[in-house]
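Each remark here refers to the structure printed beneath this line.
Only the coordinates and a few stated rules stand behind these numbers; no lab work does. Note that the coordinates shown come from a computational prediction; the quantities given were computed from them, not determined experimentally. Glycine also receives a Cβ, built like all others from the backbone with ideal geometry; neighbour counts cover every protein chain displayed.
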Amino acid sequence: MGGIRKNHPEQIGKEFCWRTCMAIAAILTFSWMGCSVCAQTTSPASEPIRRIFVSPFQGKFGSADLRKAVVERLRRSSKVTLVNSPSDADAVVEGDGELWVEGYQTLSPRAGSSMRQTVYSGYLSLEVKNRNGETVWSYLVTPGRMRWHGVDQDLADHVVKLMLAALARGRTGGAQSTDVMKTQIDLTGAGSTFAAPLYHEWIQSFEVRQPHVHATYQAVGSENGIQLLEEGKVDFAASDVPVSDEQMARMKVKFRQFATVLGGVVPAYNLSDVGSNLQFTPEMLADIYLGRVKRWNDPKLRALNHRVNLPDEPIVVLHRSDGSGTSFAWTDFLSKTSAEWRTSVGTGMRVKWPTGQGATGNDGVAAGIASTPGAIGYVELTYALHRELNFGLVRNRAGKFVQANLTTLNAAARAAPQSGDLRGSLVDASGEDAWPITTFTWLLVPAFTGDTQKTTALEGFVKWMLTSGQKECSGLGYLPLPREIAEDELQQLDRTDPGAIGSLPVRIPPPLSASSWQPGAR
């Protein structure tokens, strides 16, 4: 995972014993009370994983220290043995992580600048691959709101505990895929930037298992993706907004839609020396995007963040300029929590923004925030992480200020209605720990292609996404589908009536734990 690097003091290596850093997570904070996500592991395998090889970690600053911390914890474990060569291992652990200076904090208001403590942030993602090269488990963590020793140590503690627990629960292997295509098949897709990092990763993994299938994906936004699919210019599309029955009836091309993963939208900002601990109420976010709150030291913002030294700077509002599913989720949240926003602006992939500057795609907004002092914008979690952006806590429906992470995304999924159309919004979920701007993202495929081999390849790709592909989600910061939703979609994949999945009432069950998900298991 790459990103725009912030300043790194030469002495940063000496500060890895960060004793009292009250750092705030960049994103995806691991819960100290434990984390329950939907789908990570466990397909039957021929042998358990005991011998592990840890590859060099990717990442810029801090990746070597993160790997060292992971290796130290694995060496102390009696559950696994470290080996020196991938050929001797049952599984290979691949890592990606970075650390950076987030800001500075003074524990006492009377203390001078010399008493400030450096606040660090970062992330660590681990992926376990079996002998076949298939991902059998993945996860991503960022620092908690409180930490007791070095950031690298905290990250390694959290993710290694999760990994070892998953390995201990059973055999974490994957069924080896066989290449069923005899001729080269080219698939093209376009749409959502929200889930683009995951779709790119999925395509690479699927092509390894199906070398006769070559796929490409263009992150052009949900609206453009649907239009390209309807015009027959792509073979599949991705959208963060499901197509309604009324919209489907008006379209020339009939297609089926599959929920593939869940993600979150966060308010990210660029304020020097201010970490990721700013608190926002829904009403405050609406006032900022309505142009009513114009400066960072506005009394209403100070009242929410009385321990933070907010600067006397203008707020630069950024939003999407293209038709966007991320915008739909953001404006849906503002509409559900602000009567003024609902009546004056409303919900949509495109709205008439009362204020602000537009940018194309999630990465365009993220880049704009990173390069603009005083900026605020909304982006999908992974983009905030890649750009090393600070983002705040948001008050949910239960009245609790929560961080965006896999735990709070999972809480939103748990709080979803237990029956009804799967296309119902997860925004403003009622769970106590629910992240309030959580959404499914969808894959749209034509009901009829006129090309048997292309249809076979598309169906194989979707089936792989709903099974083995789910194990790659958490390592990138997305929440896998609840098991029963994936099972229902697999059962409906062979239906011949167009739009069947999107039209069916689908029960949304509580997600399972990180290591208990298994396609077909009940």
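Numbers below:
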{"quantity": "Summed residue charge, Cβ within 15 Å of Lys352's Cβ, Lys/Arg positive, Asp/Glu negative", "calculated": "+1"}
{"quantity": "Other-chain or far-sequence residues with amide H under 5 Å of Gln218's (modelled H)", "calculated": "Gly189, Ala190, Gly191"}
{"quantity": "Greater than 27 Å apart at Cα, pairs in Lys233/Lys352; Lys300/Lys336; Lys294/Lys400; Lys254/Lys463; Lys252/Lys454; Lys294/Lys336", "calculated": "Lys233/Lys352"}
{"quantity": "Table column - 3J(HN,Hα) (Hz), the range 339-346, Karplus curve with 6.51, -1.76, 1.60, x for Gly and Pro", "calculated": "5, 5, 5, 4, 7, 9, 10, x"}
{"quantity": "All Cα pairs of the range 264-414, percent lying beyond 20 Å", "calculated": "44 percent"}
{"quantity": "Prolate/oblate/rounded label for the range 183-272 (Cα gyration tensor, a/c 1.5)", "calculated": "oblate"}
{"quantity": "Förster-model FRET efficiency, 56 Å R0, Phe401 and Asn84, C-beta, rounded to 0.05", "calculated": "0.75"}
{"quantity": "Within the range 295-434: Cβ-based charge dipole about Cα centre, in debye rounded to nearest 20 (Lys, Arg +1; Asp, Glu -1)", "calculated": "300 debye"}
{"quantity": "Reachable aspartates and glutamates, given that their alpha-carbon falls under 13 Å from the alpha-carbon of Lys471 and they are not under 8 places away in the same chain", "calculated": "Glu127, Glu134, Glu201"}
{"quantity": "Interchain or long-range residues, amide H under 5 Å from Arg320's placed H", "calculated": "Ala359"}
{"quantity": "Amide H within-cut-off set for Tyr139, under 5 Å, with H built and near neighbours excluded", "calculated": "Leu126, Gly475"}
{"quantity": "Residue-by-residue Karplus 3J(HN,Hα) for the range 208-221, coefficients 6.51, -1.76, 1.60, Hz, glycine and proline x", "calculated": "5, 8, 10, x, 7, 10, 10, 10, 10, 9, 10, 7, 10, x"}
{"quantity": "Extension gain (nm, one decimal) between Gln204 and Gln247, 0.36 nm per residue minus Cα-Cα", "calculated": "12.3 nm"}
{"quantity": "His214 versus Thr455: modelled label distance in nm, points set 7 Å from Cα along the beta carbon direction", "calculated": "2.5 nm"}
